[in-house]
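*Asks:* My structure is below; once you've seen it, I'll send some questions.
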Amino acid sequence: MSASTRFPNNSIVALPKAEIHIHIEGCFDLTDLERLASQVNEPLLRPRDRLFQFDGLSDFLQFLDWTCGLVRTQSQLAEAGYSLCQRLSKSGVRYCDAIVNPTHWRLWRDRIPELIEGLHQGFVAAEQDALPPVGLCISLLRTQSGTEALDLVDLLLKLNHPRVVALSIDGNEAKAGRTGPRFAQAFRKAAEGGLRRTVHAGESSGPEGVRDALEFLHADRIDHGVRAIEDPELVKILAEKGIPLGICPTSNLTLGLYPKLAQHPLEQLRRAGVPVSINTDDPAPLGLALHSEYEKCASAFNWSVSELQSVAKTSIEASFADADTKKRLLQELADWDEGFESGDR
């Protein structure tokens, strides 16, 4: 029995899971961007049939700057937050850690409390409509200074907004160079203040980026991390310490890290004991849905029911949801496979 037969679309949607590596900046569909551009009387960045075509990571990051520059009001921020929750719900996501990087939001980068509050209002409305809850991971850009990083942490700790669950770093590793030592003090202060830590590493950098995230930033979770596979000793460390990787398979293929899914190291990492989860990264421009990503991986790696469940379990356990939410979702996950034959496990 093939994976696609064993796991029909509706069963994957019903699978209790969390999405823990998704950027709000990458959740604006073409219709969203056309509407926002029209509202502010600004032309699209390029023709609509080529709007989501990118010449590498730097071009993509510049596109995100343009996208977020279209958002001018708090009501538009709230709409973006609500829309994210709708997207998550369609894939059966039960909880989400969403990354937002203020440096992309031209009108909000110096008004971070208002940025957070606007998104929060959208999340509140979504939760009232029984859509999945979201925690915010506020992200530094790799090209920022250590002082800017400390300023952001000070602001977040002073604000103490209940929606903010973590400090993050994203951006082009290859372009920015080594950043672990530069941000070490800020991440230490964030930890002391009760914020969790998640770090983009091991995507455009090699395994040394993952090592820096562990040694200097004491990351609770690594976003991507796939190039750790190039360093067997590092793989052992990740497995022994139980450091989860928020992996985005199609995103990695799109950027050319691997030629096809069958050659992606997700399954090698999982079999080596590294906790791995499946995520979408920037789903709108990449045309992705989380349940489809699960289907692709289950088929490519011939997962059993229990293996699929294990990946979903990691997504929940590696999330920054509160203990009660995790307990409830893990129980729902344990009950999910009642309709499957024991031979499929």
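*Asks:* Looking at region 88-117 only, could you name the residues that are buried (at least 22 other Cβ atoms within 10 Å of the Cβ), more than 18 Å from ASP151 (Cα to Cα) and either more than 19 Å from the chain's Cα centre (by Cα) or charged (D, E, K, R) (or both)?
*Replies:* Scanning region 88-117 gives ARG94, ASP97.
*Asks:* Are any residues in region 285-304 crowded, with 21+ Cβ neighbours inside 10 Å, among the hydrophobic types (A, V, I, L, M, F, W, C), closer than 27 Å to TRP66 by Cα and in contact (Cβ under 8 Å) with a residue 40 or more places away in the chain, and if so, which ones?
*Replies:* Of everything in region 285-304, just one residue is crowded, with 21+ Cβ neighbours inside 10 Å, among the hydrophobic types (A, V, I, L, M, F, W, C), closer than 27 Å to TRP66 by Cα and in contact (Cβ under 8 Å) with a residue 40 or more places away in the chain, namely LEU290.
*Asks:* Residues that are over 30 Å from ARG178 (Cα atoms), assigned to a helix (DSSP H, G or I), aliphatic (A, V, I, L, M) and touching a helix residue (DSSP H, G or I) at 6+ places or on another chain (Cβ under 9 Å): does region 38-54 have at least one?
*Replies:* No; the residues of region 38-54 include none that is over 30 Å from ARG178 (Cα atoms), assigned to a helix (DSSP H, G or I), aliphatic (A, V, I, L, M) and touching a helix residue (DSSP H, G or I) at 6+ places or on another chain (Cβ under 9 Å).
*Asks:* Regarding LYS327, is this residue exposed (fewer than 15 other Cβ atoms within 10 Å of the Cβ) and either part of a helix (DSSP H, G or I) or not aromatic (Phe, Trp, Tyr) (or both)?
*Replies:* Criteria met by LYS327.
*Asks:* Please go through region 129-160 and pick out each residue that is farther than 20 Å from LEU64 by Cβ, touching a residue at least 24 places away in the same chain (Cβ under 8 Å) and of a type in the set (S, T, N, Q).
*Replies:* SER145
*Asks:* Here's a check for you: in region 125-153, which residue that is of a type in the set (D, E, K, R) and assigned to a helix (DSSP H, G or I) is farthest from ALA191 (Cα to Cα)?
*Replies:* GLU127
*Asks:* I'm checking my understanding of the structure. Among residues of region 238-251 that are in a helix (DSSP H, G or I) and without any contact (Cβ under 8 Å) to a residue 40 or more places away in the chain, which one is farthest from ASP170 (Cα to Cα)?
*Replies:* Looking at residues that are in a helix (DSSP H, G or I) and without any contact (Cβ under 8 Å) to a residue 40 or more places away in the chain, I get GLU240.
*Asks:* Okay, moving on. Filtering region 308-344 down to residues that are at pLDDT below 95 and aromatic (Phe, Trp, Tyr), which residue is farthest from ALA219 (Cα to Cα)?
*Replies:* Result: PHE340.
The values are calculated or read from the model by the stated rules, or taken from the named source; none is laboratory data. All values derive from a computational prediction rather than experimental measurement. In this analysis, Cβ positions are derived from the backbone assuming ideal geometry, glycine residues included, and neighbour counts consider all displayed protein chains.
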